[in-house]
Each structure stands twice: as structure tokens, then as C-alpha cells.
Amino acid sequence: MKALRITLPGLFVMAAVLVAPSPVTAQQYKEDYNAGLEAAKDPAAIANARSLFASAATGADEASDTEIAQRARYYVAQLDYRLGTAAFRAEDFPAALEHYSEGETIYPTFIKNTYGKGLALKNLDRIDEALEAFKTAAGAQGDRKTSLAAEKAIRDHFMNLASTALAKRNATRADADAALAALASLLEFMEADADVHYYTALAHYTKGEGEAAIASAEQALSMHTGSRSDKAKIYYVLGEAYVSVGNRDAARDAFSNAVYGSWKQSAEHYLETL
């Protein structure tokens with residue numbers, strides 16, 4: 001029995017050593033984190049760096065090291081953005097979407113991935129999802145440059161729909177309605193600017209709604225801050241709208257301000273015939 005009393009404590013000590021966390025294991029997440037920092041310096045080792053940071057984040061969670069966990073996830077999101085952008089430039093949009101989505105999931109406030117996801121979705125013709133991604137990025141805080149790019153993506157999408165519908169040689173009322181619908185959708189995301197009012201005026205003129213066209217064109221002029229050529233096109237549609245309601249004097253005034261650039265010849269023709 002005496003030998004047994006000596007043996008049991010020995011076994012207990014051995015078992016404690018077996019189950020206690022190894023100092024090497026406890027520090028592994030820090031080693032992974034540091035290795036990730038080094039690997040991230042090499043463009044050819046981005047995938048490996050991402051794996052190391054992901055492992056570091058998991059290990060840091062287990063060790064309740066929130067600082068390292070957050071930093072590691074941030075770096076994972078950055079690397080996902082780099083991987084997504086490389087795939088996007090190679091026109092591998094499904095792969096780009098996967099990388100951007102993974103980065104967004106692991107660190108949602110790094111909105112470059114959300115914006116990139118929108119671009120990938122747009123190129124996959126998943127337009128509604130793309131617009132939602134752009135909307136999220138546009139409304140986020142902390143990265144104004146990316147938010148502005150997302151706003152521009154939304155604006156460009158709907159403005160392209162409107163301008164394409166109205167650019168047809170013989171645009172119809174249906175085309176004008178399609179343009180107005182696109183502009184209305186745009187206004188769900190942001191406020192109207194001079195271009196929105198210009199295309200609204202053009203759509204109303206196409207539909208034969210002269211007074212509405214005049215009102216929208218006047219709004220466009222009041223907000224205009226762009227080039228002289230852009231201003232001339234607003235005056236041109238304003239002149240046409242005044243012609244449509246029989247106000248020749250106001251039409252002449254408008255066309256006299258449209259005699260510039262690509263609008264010059266047509267505006268001069270109106271002035272000669274009014």
C-alpha cells in the first residue's frame with residue numbers, strides 16, 4: 001500500500017502535464033500572426049498569409065485575445081480584397097465574388113469588399129443584389145472614398161438606363177416611361193441633381209408633356225455646375241419644350257443659349273425658323 005501511495009501522486013502529476021496547455025501551443029496564434037505579416041509582404045504568398053491570419057484569429061479567440069483576433073480578421077479582409085480584385089481584373093467574376101464575400105463576412109466594416117462584391121454581382125447580371133451591395137457601401141462610415149464610388153455606381157446604373165432609353169432615334173412614350181422609371185429608382189438612393197432633371201425634362205418632352213418638360217429643364221439649369229456643352233443641351237431641350245407649348249419668344253431665348261458645341265447647328269436652325 002505504501003508503494004501505491006507513492007505511485008498515484010506520480011500518475012496525477014503526469015496526467016496534469018499531459019492535459020495542461022503547451023506553452024508552444026498557447027503562443028501558436030501569435031506565431032501565425034507574425035508569420036502572416038511576413039507572408040503578406042510577398043505578392044505570391046497572399047493565400048498563405050490569409051491562411052495564417054485566419055488561424056491566428058481562431059487561436060486568439062480561444063485565448064480571449066480580442067486585440068489580435070480583430071487585427072487578424074482585418075488583415076484577412078484586406079487580403080480577400082486583394083484576391084478579389086485580382087480575380088476581377090482577370091474577369092473571373094465568380095471567384096471575385098467569392099473572395100469579396102468572404103472578406104465582407106469576416107470584417108464587415110472593411111467596405112471595399114462590399115463595394116467589390118457589388119461590382120462582381122453587376123458583371124454577373126445580378127443587378128438587384130449589386131445595387132443592395134452598393135447601397136450598403138454608400139451608407140457606411142469611415143471610408144468616404146469607397147462610399148462615394150458606391151454612390152457613383154448606383155447613379156451610373158440608373159442614368160445609363162435613362163439615357164439609353166431616350167437616345168433612340170425615334171424614342172417612344174414607352175421609352176420615356178422607362179427612363180422616368182429608372183430615374184425614380186435612382187431617387188430611392190439619392191437626391192436629384194442637374195442631370196436627373198435634364199433627363200426628366202427630355203422624357204416629358206418625348207411624351208408631349210411640354211409644361212412638365214419646361215419645369216424640369218428650369219430645375220436642371222438652376223442646379224447646373226458642369227460644362228458649357230452640358231448647359232447648352234439643357235437649354236436646347238428647354239427650347240424644344242417651349243416650342244411644343246407655342247411660346248416662341250421663350251423658345252428663341254433658350255435656343256440662343258444652346259448655340260454651342262454639338263448643339264450649335266440645330267439651335268441655329270431653330271432660331272432661323274422661329
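The values are calculated or read from the model by the stated rules, or taken from the named source; none is laboratory data. Remember, predicted model here, so these are calculated numbers, not experimental data. Here Cβ is always computed from backbone atoms with ideal geometry, including for glycine, and neighbour counts include all displayed protein chains. The accessibility values were calculated without ligands, DNA or RNA, using every heavy atom of the protein model including side chains. Shrake-Rupley method; radii C 1.70, N 1.55, O 1.52, S 1.80 Å.
Can you give me the number of residues within segment 215-263 that are in a loop (DSSP other than H, G, I, E, B), polar (S, T, N, Q) and more than 17 Å from A194 (Cβ to Cβ)?
Selection size over segment 215-263: 1.
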Fill in: Selected residue (criterion: nearest to D156 (Cα to Cα)) from residues of segment 82-93 that are open to solvent by 70 Å² or more (accessible area, probe 1.4 Å) and assigned to a helix (DSSP H, G or I)
R89
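Yes/no per residue for (1) under 29 Å from A201 (Cβ atoms); (2) not aliphatic (A, V, I, L, M):
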{"position": "E102", "(1), (2)": "no, yes"}
{"position": "I111", "(1), (2)": "no, no"}
{"position": "G116", "(1), (2)": "no, yes"}
{"position": "N123", "(1), (2)": "no, yes"}
{"position": "I127", "(1), (2)": "yes, no"}
{"position": "L131", "(1), (2)": "yes, no"}
{"position": "L148", "(1), (2)": "yes, no"}
{"position": "D156", "(1), (2)": "yes, yes"}
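Against the definition (surrounded by 13 or more Cβ atoms within 10 Å (Cβ to Cβ) and modelled with pLDDT under 95), how does D230 come out, yes or no? Give the derivation first.
Values: surrounded by 13 or more Cβ atoms within 10 Å (Cβ to Cβ): yes; modelled with pLDDT under 95: yes.
When the stated conditions are applied, D230 passes them.
Name the single residue, out of those in segment 41-81 being basic (K, R) and in contact (Cβ under 8 Å) with a residue 12 or more places away in the chain, that is surrounded by the most Cβ atoms within 10 Å (Cβ to Cβ).
Among those residues, the one meeting the criterion is R50.
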Practice prompt. Look through S222, S244, S216, S256 and report the one residue that is open to solvent by less than 20 Å² (accessible area, probe 1.4 Å) and polar (S, T, N, Q).
Written response: S216
